[in-house]
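> Handing you this structure, nothing more for now.
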Amino acid sequence: NELRARIGFLTSDLKLDPFFTPDYLFCFYSKMYGLTDEQIRERKQRLFSYFGIDSFAFVRISDLSTGMKQKASLAISLCNDPDLVIFDEPTNGLDILSAKAVEDYLLHLRELGKTVIISTHIFSLIDKLADRVCIILKGKKSYEGDMASIKEEGGIEKVFFSCYEEDEI
């Protein structure tokens, strides 16, 4: 499906098969998207190097740390060079340096004109990455606006807690 090939997903609940390696899974998913061997080699080298997982490429997922599993998941979810990236808690389980690398990569994707949708509870990540924000409480949209509006209203934390207090009334 053309649309599916242009979307990259990552959930906070890691679903990589523990028996396989990041290298195998990257190649498997890349082939499912129809990438050539040359595209797979180039993208794997670039993403594995960027996220610091090249030395763990042939280690079984079950033997990786939580952070390394998250970075492998990120690289694999980006194997098809998607135009639309949807990530739930992309920095979950990462140390400070790895989280910064993920933030920088998401900014890079935005600069390339890609659409990046992030679900997170980390206000600083929203401040760094978001152009627009939607706050959802109890499954319903509580707020939607751009970052300029949010800053005028006192920042994302203030807006969130105002929405939360209104919802509790």
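> Inside region 115-169, counting only strands (runs of 3 or more DSSP E) that do not spill past its ends, which hold 2 or more residues that are touching a Gly at 6+ places or on another chain (Cβ under 9 Å)?
Values: elements: 115-119, 132-137, 140-146.
Here the list reads 132-137.
> What tally of residues in region 32-70 results from selecting those that are at pLDDT below 95 and of a type in the set (D, E, K, R)?
2
> How many residues, within region 83-114, are closer than 17 Å to ARG6 by Cβ and either in contact (Cβ under 8 Å) with a residue 60 or more places away in the chain or in a loop (DSSP other than H, G, I, E, B) (or both)?
8
> Something else now. Take the residues of region 88-98 that are of a type in the set (Asp, Glu) and within 10 Å of the chain's Cα centre (by Cα): which is surrounded by the fewest Cβ atoms within 10 Å (Cβ to Cβ)?
Let us first name the residues in region 88-98 that are of a type in the set (Asp, Glu), namely 88-89, 95.
If we keep only those that are within 10 Å of the chain's Cα centre (by Cα) as well, we get 88-89.
Details: ASP88: 14, GLU89: 18.
The selected residue is ASP88.
> May I ask you to say which residue of ILE136, ILE118, ILE156 is of a type in the set (Val, Ile, Thr) and closer than 30 Å to GLN39 by Cα? Walk me through how you get there before you give the answer.
Values: ILE136 fails: closer than 30 Å to GLN39 by Cα; ILE156 fails: closer than 30 Å to GLN39 by Cα.
Matching residue, one of ILE136, ILE118, ILE156: ILE118.
> Select from region 111-137 the residues that are of a type in the set (Gly, Ala, Ser) and open to solvent by 30 Å² or more (accessible area, probe 1.4 Å) and write down the one among them that is farthest from PRO82 (Cα to Cα). Full working, then the answer.
Narrowing region 111-137 to residues of a type in the set (Gly, Ala, Ser): 113, 119, 124, 130.
After this cut, where a residue has to be open to solvent by 30 Å² or more (accessible area, probe 1.4 Å) as well, the list is 113, 119, 124.
Values: GLY113: 11, SER119: 18, SER124: 25 Å.
Step by step, filter region 111-137, then rank; the result is SER124.
> Checking the conditions here, which among ALA75, ALA57, ALA101 is surrounded by 14 or more Cβ atoms within 10 Å (Cβ to Cβ), over 12 Å from the mean Cα position of the chain (by Cα) and on the phi < 0 side of the Ramachandran plot? Before the answer, list the steps.
Values: ALA75 fails: over 12 Å from the mean Cα position of the chain (by Cα); ALA101 fails: over 12 Å from the mean Cα position of the chain (by Cα).
Just one listed residue meets the conditions, ALA57.
> Scan region 12-31 and give yes if some residue there is under 16 Å from LEU125 (Cα atoms) and open to solvent by 40 Å² or more (accessible area, probe 1.4 Å), otherwise no. Working first, answer last.
First, the residues of region 12-31 that are under 16 Å from LEU125 (Cα atoms): 12.
Among the residues that remain, those that are also open to solvent by 40 Å² or more (accessible area, probe 1.4 Å) are: 12.
Checking region 12-31: at least one residue is under 16 Å from LEU125 (Cα atoms) and open to solvent by 40 Å² or more (accessible area, probe 1.4 Å).
The values are calculated or read from the model by the stated rules, or taken from the named source; none is laboratory data. Bear in mind the structure is a predicted one, so any value in this text is a computation, not a measurement. Positions of Cβ are backbone-derived with ideal geometry, glycine not excepted, and every protein chain shown enters the neighbour counts. Keep in mind that these areas ignore ligands, DNA and RNA; they rest on the heavy atoms of the full protein, side chains included. Shrake-Rupley method; radii C 1.70, N 1.55, O 1.52, S 1.80 Å.
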